[in-house]
Amino acid sequence: MIRKTILATMVAALAAGTATAQPDQRVEISGTYGWTFSDGVTSAGGGIRVPGKGTFDRVDPKDSGSWGLRLGYMVNDNSEIGFLYNQQSTELDVGGTSTVKLGDMSVHNYHGYFAYNAGDVDAKARPYFLFGLGATQFGALTATNAGTQHNIGGNTKFSGTAGLGLKLYPSPKFGIRLEGRWTPTYIKSDATGWWCDPYWGCYVTEKAQYSNQFEMSGGIIIRF
């Protein structure tokens, strides 16, 4: 439902941008496809032993293909604000002394972003960097153990995203996007010990764990 609402909003924004487009073409809509390198988190307090299977202490999404949609608006010649959606179709694995597939799942990213585009507005090539904040949704999956299916619910976590890229414009209304982007998602914090101060007292110290996605992608840009 969330994805359908976002896609409908992007289509509506595109239609509005087409109707009110200025001569300097401030609206950009992009479609991308790439490959995402993913990692997960480790368990606290050692691994979990499963008789006949091994000991497991990690949960990781598998590296796989990904695609995305993006809508941007040029506030001025260099500054851009927008929204991006990205989906990685993957599988969730548990690892340790061996690796076992739990099931197929999808990872969805929803981020509002700010980008700075270097160079002149009419340049044929424009390097850029972007930073965004939003959420990452880990989809539900079905795992099978000893012939019995178990449904594992999804979860949504706060995440950020940062990327470097290059826009190439063969024509004023059409472009090509090349990008590398990192999306860290906060998952949990594990206790690491105690910290004591004579004034503030003692507190449990924690180490945060993140699931990381590193995407290398390319795609097209349509300008209005």
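Of all residues in segment 123-182, which are within 24 Å of residue 39 (Cβ to Cβ) and among the aromatic types (Phe, Trp, Tyr)?
129, 131, 138, 158, 182
Of the residues in segment 122-170, how many are loosely packed, with under 13 Cβ neighbours inside 10 Å and of a type in the set (Ser, Thr, Tyr)?
Of the residues in segment 122-170, 3 are loosely packed, with under 13 Cβ neighbours inside 10 Å and of a type in the set (Ser, Thr, Tyr).
Inside segment 74-154, counting only strands (runs of 3 or more DSSP E) that do not spill past its ends, which hold 1 or more residues that are of a type in the set (S, T, N, Q), at pLDDT below 95 and out of contact with any strand residue (DSSP E or B) (no Cβ under 7 Å at 6 or more places or on another chain)?
Ranges flagged: 141-145, 148-152.
Return the pair list, or none, for Cβ contacts closer than 8 Å from residues in segment 57-82 that are over 24 Å from residue 186 (Cα atoms) to residues that are assigned to a strand (DSSP E or B) and among the acidic types (Asp, Glu), at least 6 apart or on different chains.
Going by the 8 Å Cβ cut-off, the qualifying pairs are 71/28; 72/28; 72/80; 73/28; 73/80; 74/28; 74/80; 80/28.
Restrict the check to segment 208-220 and report whether at least one residue is assigned to a strand (DSSP E or B), farther than 24 Å from residue 134 by Cβ and touching a residue at least 12 places away in the same chain (Cβ under 8 Å).
Of the residues in segment 208-220, the ones assigned to a strand (DSSP E or B) are 208-220.
Checking which are farther than 24 Å from residue 134 by Cβ leaves us with none.
Looking through segment 208-220, none of the residues is assigned to a strand (DSSP E or B), farther than 24 Å from residue 134 by Cβ and touching a residue at least 12 places away in the same chain (Cβ under 8 Å).
Is at least one residue of segment 171-178 modelled with pLDDT of 95 or more, touching a Ser or Thr at 6+ places or on another chain (Cβ under 9 Å), part of a strand (DSSP E or B) and of a type outside the set (D, E, K, R)?
Yes, segment 171-178 contains a residue that is modelled with pLDDT of 95 or more, touching a Ser or Thr at 6+ places or on another chain (Cβ under 9 Å), part of a strand (DSSP E or B) and of a type outside the set (D, E, K, R).
On the basis of being assigned to a strand (DSSP E or B), modelled with pLDDT under 95 and out of contact with any Lys or Arg (no Cβ under 9 Å at 6 or more places or on another chain), does residue 57 make the cut?
In short, yes.
Taking into account only those residues within segment 61-84 that are buried (at least 20 other Cβ atoms within 10 Å of the Cβ) and not aliphatic (A, V, I, L, M), which is farthest from residue 210 (Cα to Cα)?
Of everything passing the filter in segment 61-84, 72 is farthest from residue 210 (Cα to Cα).
Search segment 205-216 for residues being polar (S, T, N, Q) and within 12 Å of the chain's Cα centre (by Cα), and hand back the single one that is surrounded by the fewest Cβ atoms within 10 Å (Cβ to Cβ).
212
The values are calculated or read from the model by the stated rules, or taken from the named source; none is laboratory data. Being a predicted model, the structure only gives us computed values, none of them experimental. Glycine gets a Cβ as well: all are built from the backbone with ideal geometry, and neighbour counts include every protein chain shown.
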